Protein chains: 2
Amino acid sequence: MSSSALSKFSTILPPDRILSRPVELAAYESDGLTAFHTRPIAIVVPETTDEVIAIVRLCHELKLPFVARGSGTSLSGGSLPIAEGIVIALNRLNRIVRLDPAQRIVVVQPGVINTQVTVAAAPHGLHYAPDPSSQSICTIGGNVAFNSGGAHCLKYGMTSNHVLGIKAVLATGEVVEWGRGSRERIGPDWCGLFVGNEGLFGIALEITLQLLPRAECFHTVLAGYRTLEQAGDAVSAVIASGLLPGAIEIMDALALEAAKAAVHAEYPPGCEAVLIVELEGPREVVAIERERLDEILQASQPVGMRPARDADERMAIWKGRKSAFSAVGRLSPDFIVQDGVVPRCRLGEALRRIAEMSRETGIRVANVFHAGDGNLHPLILFDGREQGALQRAEALAGRILRMCVEMGGSITGEHGVGVEKRDFLGDMFSADEIDCMQRLRAAFDPLGIANPGKMFPGKEAPALSHVGLHPLEKAGVISRE
Amino acid sequence: MSSSALSKFSTILPPDRILSRPVELAAYESDGLTAFHTRPIAIVVPETTDEVIAIVRLCHELKLPFVARGSGTSLSGGSLPIAEGIVIALNRLNRIVRLDPAQRIVVVQPGVINTQVTVAAAPHGLHYAPDPSSQSICTIGGNVAFNSGGAHCLKYGMTSNHVLGIKAVLATGEVVEWGRGSRERIGPDWCGLFVGNEGLFGIALEITLQLLPRAECFHTVLAGYRTLEQAGDAVSAVIASGLLPGAIEIMDALALEAAKAAVHAEYPPGCEAVLIVELEGPREVVAIERERLDEILQASQPVGMRPARDADERMAIWKGRKSAFSAVGRLSPDFIVQDGVVPRCRLGEALRRIAEMSRETGIRVANVFHAGDGNLHPLILFDGREQGALQRAEALAGRILRMCVEMGGSITGEHGVGVEKRDFLGDMFSADEIDCMQRLRAAFDPLGIANPGKMFPGKEAPALSHVGLHPLEKAGVISRE
């Protein structure tokens, strides 16, 4: 950015909240998708919604690309900077604006951490349901941008099912407010449209979330199986029974190994896959459902079954599950977390095919996933120091995605398209469909300055189009200056 | 329409499916909002999705406005014809394309009647949840266009919560397909955006709906109260208890009188308001919840309480409730069904204020509504033969709407904006917001030919702009030629 452009930002923010020294820029050049790096020209750090609005209006005036960033935990490169743009860091907009226990709503700023919402709601017996694995660090703004899911989304739905209203500054600088804390709506779902926009429409300034009563009672059971398929069949049996657990998760042998090493999780001896099922609700209801679940799981021939006897044992089960992603780091210097969906009645088939691909390519794949809704998370292990290893891992990740599409599933369950999957959009949507999406995007952002280069195939941001040495640079995906 | 334009349609359809004689046009000149009439230039009756696509493409080429119509039950004038446009009647696209009980989805054409979906699903123990009062005649295409609700939407949500995928022809003639029968989605909620578009984006050709297991057991109880407020307080108590009934409905004295006269419904003597609460779920769960509900209702001091002892008694309770709207016709030659939302914790206050307005203006108002979600349906009674009576009723309806907005609610809960409420859109949304909506609409329909004159304030269709004798014509709302 020219110093004159920088100086315009200094009319909005004090100098210590405009970061442009190399060491400062370096801290923001990547996100949860660590393979990609782009250095922005500056990071601006607003502390109020008015400052965010002023910054976006200035970007609009200067035609300057921007990406809003919370904790940078995106696994699809959604918060990767644009090389000729700025990062708008929203972490200081972390205020819970209003909590209304009677109406069961909370209004938060985008930089509020996911778990902080539940912390604030807990004294009223309420909680915020969507629980991405990164919930202790990821922000609600990011959850909204990517329509985040989580283990308990089986029962409660994704972020979009919990957002009742959004006040946002569009990329045009206009400030809009959609949804008013009520489920009833007027015309198309304008508020729902904004959720999942991946930062391409503008920036959410205040988000109204619904809170749910905390379940009176949980019953969490862990069952070990000799094969992954048996675990998958048990999932089908639970779903077919009509039970609606809060969560149904599966971890395979490699993931179990990682969790054991990382957090000393314990699993039934001799099992190659673990199923976690959690019932929740009023005490009497859980008691009845628990009997049904026990029958179903007993019939599924587990090698071992272990219900959590108290809150500590429940937390231990979840700790093993939620740490599995990062724990896999102990098994391999690098890994790609893939995110795809298959119809849940074809889960067994999908897992078989992934195992075949793994054998065929000699690339280890760990599976930790939301089995109840068919949302796979294959972790593809590789060693980035080996020549071509990243590319081979990427190729396998792509094959898995195409399998998901072919089976009638989706290229993303909850991580979003970002930069990682933009070239797969055409596998899911026709040219007319993508064209219509682009027109809709242009209605929010006619200049294409809000997080360009994400979601849509092809190159958009000028800085993403240059040719470098790295093969991913050649593909126009990353840039390192 | 010039005969040359008509002749172009005859390349798509046989002559007996292009209706343009006055007697034919007259049958389509109004809808459920009977106060408004507009005569279209022709009605075309496609029988296949390919014919619909060809018709829309021809309209696009001719810049000819069109409105898609199912059973014409819209209560906001959403299917009111455009005077210089055509009606595309979709009743013959009434095929259930595919029903997959294992995946619990059904793919239907837009002309399928709401209840027919449940009829088709019932042999598999499944049902389609959204149940507008007009469900025995209204079509899924209309339900999608207006995001219809119904009594059981308290527990199960609106139509949008049950639409998993839409294949549609946009007003541009492009054919798009969004959502693939999976809850997981990619980017913004494109499919959800289409639901509730009020016919302004294009025409749904195939709709994928989720089916739910039919509840194993129902417990329906009718409680009579001495005052409407007591009934409202009972609703608050039920909601506060954490119970989530399938439906919570209220009928006031005038509505009870109408239901008694029309379907010989019986209510506890001496009651001025009736509350209907329906629990549903697995037998054991309902048994437990029923005890809780009984306690709560007993504490709310009803003058009488009557649980349905069998399926017939349950149906009798619902027959009284669902016939109430049309039954009010027995009390008054004309009435306006209003549709607004207030926060459900302010229900008592809203009802008090409506009663005050009724006393003040001397206009009778009957109340039948979805109490559980604060969705009011005041029925404003008038005699259209009296000079100025319609206008006074309209004015009262408007005051009630503005009260809803002021209380933090909404101008529509489930009937949509249509022509009826388009001038209230500005009470809910800012100029920037409406401008952004218009840009989004233009992304689907750059020529403004899909159901123009609906939803957005001001005049759009040329034929809606002429000045006639009727005051509503003067306002540009209706036209009679």
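Considering only residues of region B:1-35 that are assigned to a loop (DSSP other than H, G, I, E, B), touching a helix residue (DSSP H, G or I) at 6+ places or on another chain (Cβ under 7 Å) and not polar (S, T, N, Q), which is nearest to B:G418 (Cα to Cα)?
Quick first cut of region B:1-35, residues assigned to a loop (DSSP other than H, G, I, E, B) only: B:1-2, B:10-14, B:20-21, B:27-35.
Subsequent filtering for residues that are touching a helix residue (DSSP H, G or I) at 6+ places or on another chain (Cβ under 7 Å) retains B:12-13, B:20, B:35.
Among the residues that remain, those that are also not polar (S, T, N, Q) are: B:12-13, B:35.
Numbers: B:I12: 29, B:L13: 29, B:A35: 13 Å.
The residue in question is B:A35.
Would you confirm whether or not region B:341-355 contains a residue that is within 21 Å of B:G77 (Cα to Cα) and under 17 Å from the mean Cα position of the chain (by Cα)?
Within region B:341-355, the subset within 21 Å of B:G77 (Cα to Cα) is B:341.
The next check asks that each one be under 17 Å from the mean Cα position of the chain (by Cα); those that pass are B:341.
Yes, that holds for at least one residue.
State which residue is nearest to the other protein chains (Cβ to nearest Cβ) when the search covers only region B:372-404 and only residues that are touching a Phe, Trp or Tyr at 6+ places or on another chain (Cβ under 8 Å) and within 24 Å of B:A240 (Cα to Cα).
In this case the residue turns out to be B:N375.
So which helices (runs of 4 or more DSSP H) stay within region B:41-156 end to end and still have 3 or more residues that are open to solvent by 10 Å² or more (accessible area, probe 1.4 Å) and among the acidic types (D, E)?
Correct list: B:49-62.
Picking from B:L390, B:L376, which residue would you name as being surrounded by 16 or more Cβ atoms within 10 Å (Cβ to Cβ) and farther than 26 Å from B:D233 by Cα?
Exactly one of B:L390, B:L376 is surrounded by 16 or more Cβ atoms within 10 Å (Cβ to Cβ) and farther than 26 Å from B:D233 by Cα, namely B:L390.
So which of A:G157, A:G142 ends up being modelled with pLDDT under 95 and within 15 Å of the chain's Cα centre (by Cα)?
A:G157
What tally of residues in region A:157-176 results from selecting those that are more than 7 Å from chain B (Cβ to nearest Cβ) and either among the acidic types (D, E) or part of a strand (DSSP E or B) (or both)?
7
I'd like to know if region B:302-323 contains one or more residues that are in a helix (DSSP H, G or I), within 14 Å of another protein chain (Cβ to nearest Cβ) and modelled with pLDDT under 95.
no
Looking at the structure I just gave you, is A:E360 surrounded by fewer than 16 Cβ atoms within 10 Å (Cβ to Cβ), over 21 Å from the mean Cα position of the chain (by Cα), of a type in the set (D, E, K, R) and assigned to a helix (DSSP H, G or I)?
Yes: the conditions hold for A:E360.
Determine which member of the set A:E289, A:E266, A:E295 is in a helix (DSSP H, G or I) and either open to solvent by 50 Å² or more (accessible area, probe 1.4 Å) or in the same structural domain as A:L154 (by TED's automatic domain parsing) (or both). Before the answer, list the steps.
Details: A:E289 fails: either open to solvent by 50 Å² or more (accessible area, probe 1.4 Å) or in the same structural domain as A:L154 (by TED's automatic domain parsing) (or both); A:E266 fails: in a helix (DSSP H, G or I).
Result of the check over A:E289, A:E266, A:E295: A:E295.
Looking only at region A:332-353, filter to residues that are out of contact with any strand residue (DSSP E or B) (no Cβ under 6 Å at 6 or more places or on another chain) and among the aliphatic types (A, V, I, L, M); which one of those is farthest from A:Q230 (Cα to Cα)?
This residue is A:V342.
Name every residue in region A:135-169 that is out of contact with any Ser or Thr (no Cβ under 9 Å at 6 or more places or on another chain) and under 19 Å from A:R185 (Cα atoms), in order of residue number.
A:G157, A:S160, A:N161, A:H162, A:A168
Among the listed residues A:L279, A:L244, identify the single one that is within 14 Å of chain B (Cβ to nearest Cβ) and out of contact with any strand residue (DSSP E or B) (no Cβ under 7 Å at 6 or more places or on another chain). Step through it out loud before you land on a result.
Working: A:L279 fails: out of contact with any strand residue (DSSP E or B) (no Cβ under 7 Å at 6 or more places or on another chain).
Among A:L279, A:L244, only A:L244 is within 14 Å of chain B (Cβ to nearest Cβ) and out of contact with any strand residue (DSSP E or B) (no Cβ under 7 Å at 6 or more places or on another chain).
Could you list, in sequence order, all residues of region A:242-252 that are open to solvent by 40 Å² or more (accessible area, probe 1.4 Å) and in contact (Cβ under 8 Å) with a residue 40 or more places away in the chain?
A:L244
Looking at region B:272-286, which of the residues that are touching a Ser or Thr at 6+ places or on another chain (Cβ under 9 Å) and farther than 30 Å from A:R283 by Cβ is surrounded by the most Cβ atoms within 10 Å (Cβ to Cβ)?
B:A273
Only one of A:V341, A:V419, A:V368 is buried (at least 24 other Cβ atoms within 10 Å of the Cβ) and more than 14 Å from chain B (Cβ to nearest Cβ); which?
A:V368
What are the residues in region A:409-429 that are in contact with a strand residue (DSSP E or B) (Cβ under 9 Å, 6 or more places away or on another chain) and either part of a helix (DSSP H, G or I) or more than 22 Å from A:A145 (Cα to Cα) (or both), if any?
Hit for region A:409-429 is A:M428, nothing else.
Taking the conditions exactly as written (more than 29 Å from B:G340 (Cα to Cα) and β-branched (V, I, T)), does B:V97 satisfy them or not?
Judged against the criteria, B:V97 is a match.
Inside region B:194-210, can you point out the residues that are over 17 Å from the mean Cα position of the chain (by Cα), within 12 Å of another protein chain (Cβ to nearest Cβ) and under 15 Å from B:V52 (Cβ atoms)?
If the condition is that a residue be over 17 Å from the mean Cα position of the chain (by Cα), within 12 Å of another protein chain (Cβ to nearest Cβ) and under 15 Å from B:V52 (Cβ atoms), then B:F201, B:G202 are the ones that fit.
Does B:E177 satisfy the criteria of being of a type in the set (D, E), at pLDDT below 95, surrounded by fewer than 22 Cβ atoms within 10 Å (Cβ to Cβ) and not assigned by TED's automatic domain parsing to the domain that holds B:I276?
Yes, satisfied.
Given the condition over 21 Å from the mean Cα position of the chain (by Cα) and free of Cβ contacts under 8 Å to residues at least 40 places away in the same chain, answer yes or no: does some residue in region A:325-332 qualify? Break it down into steps so the answer makes sense when it comes.
Let us first name the residues in region A:325-332 that are over 21 Å from the mean Cα position of the chain (by Cα), namely A:330-332.
Among the residues that remain, those that are also free of Cβ contacts under 8 Å to residues at least 40 places away in the same chain are: none.
Checked against the condition, which is being over 21 Å from the mean Cα position of the chain (by Cα) and free of Cβ contacts under 8 Å to residues at least 40 places away in the same chain, region A:325-332 yields no hits at all.
Go through region B:430-452 and give me each residue that's in a loop (DSSP other than H, G, I, E, B) and at pLDDT 95 or above.
B:D445, B:P446, B:L447, B:G448, B:I449, B:N451, B:P452
The values are calculated or read from the model by the stated rules, or taken from the named source; none is laboratory data. What you are looking at is a predicted structure, and each value in this text was computed from that prediction instead of being measured. Backbone-built Cβ (ideal geometry, glycine too); neighbour counts: all protein chains shown. With ligands, DNA and RNA removed, areas are computed over all heavy atoms of the protein, side chains included. Shrake-Rupley method; radii C 1.70, N 1.55, O 1.52, S 1.80 Å.
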